[in-house]
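The structure appears right after this line, and notes come after that.
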Amino acid sequence: LDGILYDKLQTSIIYVPKKIEGEIRIPDGVTVIEEDTFYWREKLIKVIFGKDSNLIEIGAGAFEYCRSLTSINLPNSVKSIGVLAFASCALTSIELPSKLKTIHSTSFNYCDNLTKITVPTIALSSFRGSSPANNYINNVKELTINGGKVISENNFKSFIYGFYGNLSRLEILNGVEK
């Protein structure tokens, strides 16, 4: 399909041609976007997942250096986002999925246009490494924490600590408790 290389069962995207541009729709049956699959696809602007997407994992560096990538709607099924997965992209906002179990603190390094992040409380304890804000995510102005799970005060403090300097809005929704 469009030069995109899938595994035999078409559940994993292995390679995307360098010439890819504009927007791409990921088939619902894809469960894994492998490491470096979209690496340095500078003309990729938008990634769309269907409402029935089964995506579980986004590999390390999967979208790294997609310098024109401004929009991606991560499906709720995503459980893992790898190291530098979206580093150096042009994303302006991101809503992390509620089923997220593992995300590295460097997943959004050098996303200089990223000004708004929505994080489910379950993901606060999922970050591997330090607060994402301590890892070159310097322009976040709005941080929304969407509740539903009790989190420790220490997890909360360590997560938001690095964002404090630039935040103009911190919103906590849906029953975040101490």
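The values are calculated or read from the model by the stated rules, or taken from the named source; none is laboratory data. On a predicted model such as this, the values are computed, not experimentally measured, just so you know. All Cβ positions, glycine included, derive from the backbone under ideal geometry; neighbour counts span all protein chains shown. Side chains included, ligands, DNA and RNA excluded: accessible areas come from the protein's heavy atoms. Shrake-Rupley method; radii C 1.70, N 1.55, O 1.52, S 1.80 Å.
Working carefully through the options Ile20, Ile26, find the one that is touching a Phe, Trp or Tyr at 6+ places or on another chain (Cβ under 6 Å), surrounded by 15 or more Cβ atoms within 10 Å (Cβ to Cβ), among the aliphatic types (A, V, I, L, M) and on the phi < 0 side of the Ramachandran plot. First the steps, then the outcome.
Numbers: Ile20 fails: touching a Phe, Trp or Tyr at 6+ places or on another chain (Cβ under 6 Å).
Of the residues listed, the single one that is touching a Phe, Trp or Tyr at 6+ places or on another chain (Cβ under 6 Å), surrounded by 15 or more Cβ atoms within 10 Å (Cβ to Cβ), among the aliphatic types (A, V, I, L, M) and on the phi < 0 side of the Ramachandran plot is Ile26.
To keep it simple, each residue is scored yes or no on (1) at pLDDT 95 or above; (2) touching a Pro at 6+ places or on another chain (Cβ under 9 Å).
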position	(1), (2)
Gly3	no, yes
Ser12	yes, no
Val16	yes, no
Ile24	yes, no
Phe63	yes, no
Leu74	yes, yes
Val78	yes, yes
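Let me confirm something: among Tyr15, Tyr6, Tyr39, which residue is among the aromatic types (Phe, Trp, Tyr), in contact with an Asp or Glu (Cβ under 6 Å, 6 or more places away or on another chain) and either in contact (Cβ under 8 Å) with a residue 12 or more places away in the chain or within 19 Å of Ser93 (Cα to Cα) (or both)?
Tyr39
When only residues in segment 86-104 that are touching a Lys or Arg at 6+ places or on another chain (Cβ under 8 Å) and more than 15 Å from Leu55 (Cα to Cα) count, which is surrounded by the most Cβ atoms within 10 Å (Cβ to Cβ)?
Filtering segment 86-104 for residues that are touching a Lys or Arg at 6+ places or on another chain (Cβ under 8 Å) and more than 15 Å from Leu55 (Cα to Cα), the one surrounded by the most Cβ atoms within 10 Å (Cβ to Cβ) comes out as Cys89.
In contact with a strand residue (DSSP E or B) (Cβ under 8 Å, 6 or more places away or on another chain), modelled with pLDDT of 95 or more and on the phi < 0 side of the Ramachandran plot: is that true of Glu35 in this structure? Spell out how you get there, then give the answer.
Details: in contact with a strand residue (DSSP E or B) (Cβ under 8 Å, 6 or more places away or on another chain): no; modelled with pLDDT of 95 or more: yes; on the phi < 0 side of the Ramachandran plot: yes.
Here the answer is no, as Glu35 does not meet what is asked.
State yes or no: is Ser107 surrounded by fewer than 20 Cβ atoms within 10 Å (Cβ to Cβ) and among the small types (Gly, Ala, Ser)?
Spelling it out, it is not the case that Ser107 is surrounded by fewer than 20 Cβ atoms within 10 Å (Cβ to Cβ) and among the small types (Gly, Ala, Ser).
Since Phe49 meets every condition but one in (1) within 12 Å of the chain's Cα centre (by Cα); (2) open to solvent by less than 20 Å² (accessible area, probe 1.4 Å); (3) under 15 Å from Thr31 (Cβ atoms), which condition does it not meet?
(1)
Could you please give the count of residues in segment 36-54 that are of a type outside the set (A, V, I, L, M) and not in a loop (DSSP other than H, G, I, E, B)?
So the count comes out to 2.
Might you check whether a residue that is without any contact (Cβ under 8 Å) to a residue 24 or more places away in the chain and assigned to a loop (DSSP other than H, G, I, E, B) occurs anywhere in segment 55-76? Spell out the reasoning first.
Going residue by residue through segment 55-76, those that are without any contact (Cβ under 8 Å) to a residue 24 or more places away in the chain are 76.
Filter again for assigned to a loop (DSSP other than H, G, I, E, B), leaving 76.
The answer is yes; a qualifying residue exists.
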